[in-house]
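Following: one structure in structure tokens, then a few remarks.
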Ligand SMILES: Nc1ncnc2c1ncn2[C@@H]1O[C@H](COP(=O)(O)OP(=O)(O)OP(=O)(O)O)[C@@H](O)[C@H]1O
Ligand SMILES: [Mg+2]
């Protein structure tokens, strides 16, 4: 694996919501420069797991380590300072600000490791905007962009913080085929040129299988399978979990 070494490690993570155990005993590791998928049927606990890893929810049980430092119960701010940034399932940008200003905010909220000196900020912003194909729209107000470009903007904002790990919650929803292809190409560059790791929660199975080095499969809050895309596709356990579900593997 490019870079090697464990970047993030979640151990025995659980989350109880009143009577519901939404996530149960989840072990998850992400190595440096690795693209990891987290898949599972609707309500499997993917977003909850995401919230546990990014500090938006404290775990009921378990431990979270990032870059060798115990981050269990840490705030999202502390976790992002440690190098992890995330996007939200329903978009993460300021609707009434321009593309440029949104990306600037991403850069200002930069991670400790990636914080860019003021003199280089303009370059980082330009690079993030270009990487996600938003150069022509850079002075447009975010709410006026087509849906696909708003999605790309959320990703550009996260990139501008120069994280070591980007967590994307269903980033491809509503993108057309061309936009999906562009996005996957950008992910490959984030990995190969910038050495970033990616955690990808996504229902688009074709995309997940094409881009991920390794995939975790969640079902009813538990990891039921981990493996390379080919192994996931061939798994009886995974197939069973998806039977009767709308997303064909
Ligand atoms: N804040 C909350 N309070 C109570 N229950 C919750 C909360 N958040 C999630 N849940 C429940 O936890 C379970 C897992 O939800 P989660 O959103 O993590 O699933 P998901 O895999 O992301 O689903 P989807 O594919 O629909 O996005 C669901 O039954 C959901 O209703
Ligand atoms: Mg979700």
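What follows is calculated from the coordinates using simple rules that are stated; it is not laboratory data. Note that the structure is a prediction, hence the values are computed from the model and not measured. Please note: Cβ atoms are built from the backbone with ideal geometry, for glycine as well, and neighbour counts cover all protein chains shown.
If you count the DSSP beta bridges with both ends in the chain, what percent of them are antiparallel, to the nearest 5?
Antiparallel: roughly 55 percent of the beta bridges in the chain.
What number does segment 166-249 give for Rg over Rh if you use C-alpha atoms and the Kirkwood radius?
In segment 166-249, Rg relative to Rh is 0.97.
Beyond 29 Å, what share of the Cα-Cα pairs of the chain is found? Please give it as a whole percent.
Result for the distance tail: 27 percent.
By how many degrees, 0 to 90 and rounded to 10, does the Cα axis of helix 99-108 deviate from the longest principal axis of the chain?
The angle comes out near 70 degrees.
Order of 212, 167 from fewest to most other C-beta atoms within 10 Å?
212, 167
On the principal axes of its Cα set, how long, how wide and how thick is segment 29-137? Give whole Å, largest value first.
Rounded to whole Å, the extents work out to 44, 32, 26 Å.
Report the label-to-label distance for residue 239 and residue 94 in nanometres (one decimal), using points 7 Å from each Cα along the Cα→Cβ vector.
Spacing of the two 7 Å Cα→Cβ label points: 5.1 nm.
Expressed as an acute angle from 0 to 90° and rounded to the nearest 10, what is the orientation of the C-alpha long axis of helix 177-192 relative to the principal long axis of the chain?
So the inclination is approximately 90 degrees.
For the chain, what is the calculated [θ] at 222 nm in deg cm²/dmol (nearest 500), taking -39500 (n - 2.57) for each run of four or more DSSP H residues and dividing by its residue count?
Mean residue ellipticity at 222 nm (helix-derived): -10000 deg cm²/dmol.
Does segment 103-249 come out rounded, prolate or oblate, given a ≥ b ≥ c as the square roots of the eigenvalues of its C-alpha gyration tensor, rounded meaning a/c under 1.5 and, failing that, prolate meaning a/b above b/c?
prolate
What's the angle, to the nearest 10 degrees (0 to 90), between helix 147-160's Cα axis and the longest principal axis of the chain?
Around 80 degrees separate the two axes.
How big is segment 128-188 on each of its three principal axes, counting only the C-alpha atoms and giving the largest first in Å?
Cα extents, longest axis first: 30, 24, 18 Å.
Is segment 4-44 rounded, prolate or oblate when judged by the Cα gyration tensor, a ≥ b ≥ c being the square roots of its eigenvalues, rounded requiring a/c under 1.5 and prolate requiring a/b larger than b/c?
Because a/c hits 1.5 or more and a/b fails to exceed b/c, segment 4-44 counts as oblate.
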